[in-house]
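To keep things clear, I will list the structure first and then write my remarks on it.
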Amino acid sequence: MAYGCRVRISVLGHQSVHTPRGFSVLPDIQKLRARVVSRLAAAALGSLLLVAGCATSPPTNDPEALAAYREANDPYESFNRTVFDLNMNLDRFVLKPVAYVYRNVVPDPIQGWISNALANLRSLIVLANDLLQGEWDRANNTFVRMLMNTSFGLGGVLDIATEFGVPRHDEDFGQTLAVWGMNEGPYLVLPLLGPSNPRDLLGFVVDTAFDPSTYIVNVAGVDAFGPARFAASTVSGRAARYDQINELQRTSLDFYAAVRSLYRQRRNDEIRQGRLAAATPGLMPEPFALGLEPSPATASDR
Amino acid sequence: MILNRRVLLGAVCAATVVLATPAAMAQATGADEFIRRSGQRAIDSLTVQSIGDAERGKRFREILRGSFDVPEIGRFVLGRYWRTATDQEKTEYLRLFEDFIVRAYANRFADYSGETFRVLQVVDSTDNDKLVSTEIVQPSGKPPVRVVWRVRGQAGAFKVVDVTVEGISMSVTQRDEFAAVIRSNGGTVAGLLDALRKKTGN
């Protein structure tokens, strides 16, 4: 099997813009732009890193190996594994211990409040993506939830809406792009952000740029909200999956490959809104026939 | 964030409730009834707190053999490499695969905390299996977990051939993982067998 190492450089965004921070409560246009540009620059850095990885050449002379290669959809595997190891070390020495303390020290109800509030902060993004996908009922649910939980739920701390029979669902622009017919592209593991692909990365950038809370700027010019929220949702999410991740690490032969498979399947399920993939043969004599092509669900299978 | 989104949400919690027993299924008429009874029997048998790991593993294996078509699942999971494996490799693989499943899932029943499940619907798959959709209700008030059982065979002789938790097929996940192990061991099944032996302590 031949390994070719190609290096390509691509820059999505431009260089960062230096904007002096002001002291006004409302962000001015310049500040907004600087925020957006810095986010895009971060994304550009990500994309730059990703294409700098060594792509493993498909083994063209071996049809079986070629099929396996296509199925894994992971041409940047060696680069991805490096980032994955980096992420896992960060997890082991920083995130996991913090999550351990969080789940064992913070009382359960408060953990629930934090997770509810974080979910509520995403409401506008979920609503926008419901609408962009033409999911009117779900959009209505999200709208009702946002109003109820923000008001009676004390800023989203309590999930009143679920108790009234309007359960939560999630959406993001990566899913919207999939519904619109965009392919996922190759599997990517991003520093800090973890498993992704170009479609989901683009979705993340667009969601972040769209989110009004991205533009909250502190009076004193200290911009702590965004990082604090990111940290809180990271810890809260990690704590919620604490046992599952332990189990998966304990039982897997190749943890990286297991996560890659789970990510793909989970995203496809989210794109289908959890509907049964009746057309997807789950277990057939010929695994080649599996509906695991990179192409996402389109309107016809929904 | 690391391993963010709900990638792993249900992937590993299926085991809190699953599985079925073959015995006394004479009354079972449909695939939904098969899943309903079997699930209850598994809960009754495996979640007993007083039994040790060894006994739980033993009971789990009996249930696994009775209600799941383990060789069929094993063949699927090995995928294209099944054809290239020697007979001896196949035999050893199926034995190790069963050990691997028992090791991975049996002890999860020890953490059982009152989950219940209900059958939502049964649909025919395009390849003549029954897809039994169930919902696992968590007593903690967390959202229910969607689990779909792929059931093959005729009434009275049903066997589960795949379990899908929140859209994640256990068979597909295992197959992808095994394929990666084989690829990183020069494309030979022997490399996978070695890894399985180590994992299962054989």
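Taking the longest Cα principal axis of chain B as reference, the axis of helix B:170-183 is set at about 10 degrees. In this structure, residue A:67 and residue B:127 have a Cβ-Cβ separation that, at R0 = 35 Å, corresponds to a calculated FRET efficiency of about 0.95. Lys-Lys pairs in the range B:5-200 that are eight or more residues apart or on separate chains and whose Cα atoms lie under 27 Å of each other come to 9.
Counting only residues at least eight positions apart within a chain, or on another chain, the aspartates and glutamates with an alpha carbon under 19 Å from that of residue A:96 are A:85, A:108, A:243, A:247. Remark on the range B:63-174: ratio of C-alpha radius of gyration to 2.2 N^0.38 Å is 1.18. Here the label points at residue B:65 and residue B:190, each 7 Å from Cα along the C-beta direction, are separated by 3.0 nm in the simple model. Rounded to the nearest whole Hz, the Karplus-based 3J(HN,Hα) values (6.51 cos²θ - 1.76 cosθ + 1.60, θ = phi - 60°) of the range A:177-184 follow the sequence 4, 5, 5, 6, x, 7, 6, 6, with x at glycine and proline. Placing pseudo-labels 7 Å out from each Cα toward the beta carbon at residue B:113 and residue B:157 gives an inter-label distance of 4.2 nm. Counting, for every residue in A:244-250, the Cβ atoms of other protein chains within 10 Å of its Cβ and taking the mean gives 5. If R0 is 56 Å, the Cβ-Cβ spacing of residue B:88 and residue A:140 corresponds to a FRET efficiency of close to 0.40. Just to confirm a number: summing +1 for Lys and Arg and -1 for Asp and Glu over residues other than residue B:139 whose beta-carbon lies under 15 angstrom from that of residue B:139, what do you get? Every neighbour counted, the sum reads -2. Seen against the Cα atoms of chain B and their longest principal axis, helix B:31-46 is set at about 80 degrees. Sparse packing (at most 11 other Cβ atoms within 10 Å of the Cβ) combined with a DSSP loop state is found for the following chymotrypsin sites (Phe, Trp or Tyr not before Pro) in the range A:110-203: A:152. As I understand it, the value is the acute angle between the Cα axis of helix B:87-105 and the longest principal axis of the Cα atoms of chain B; what does it come to in degrees, rounded to 10? The angle comes out at about 40 degrees. On the beta carbon distance between residue A:108 and residue A:255, with R0 = 35 Å, the FRET formula returns roughly 0.80.
All of the numbers you see were taken from the coordinates with simple rules; none came from a lab. Just so you know, these numbers come straight off a predicted model, no measurement behind them. All Cβ positions, glycine included, derive from the backbone under ideal geometry; neighbour counts span all protein chains shown.
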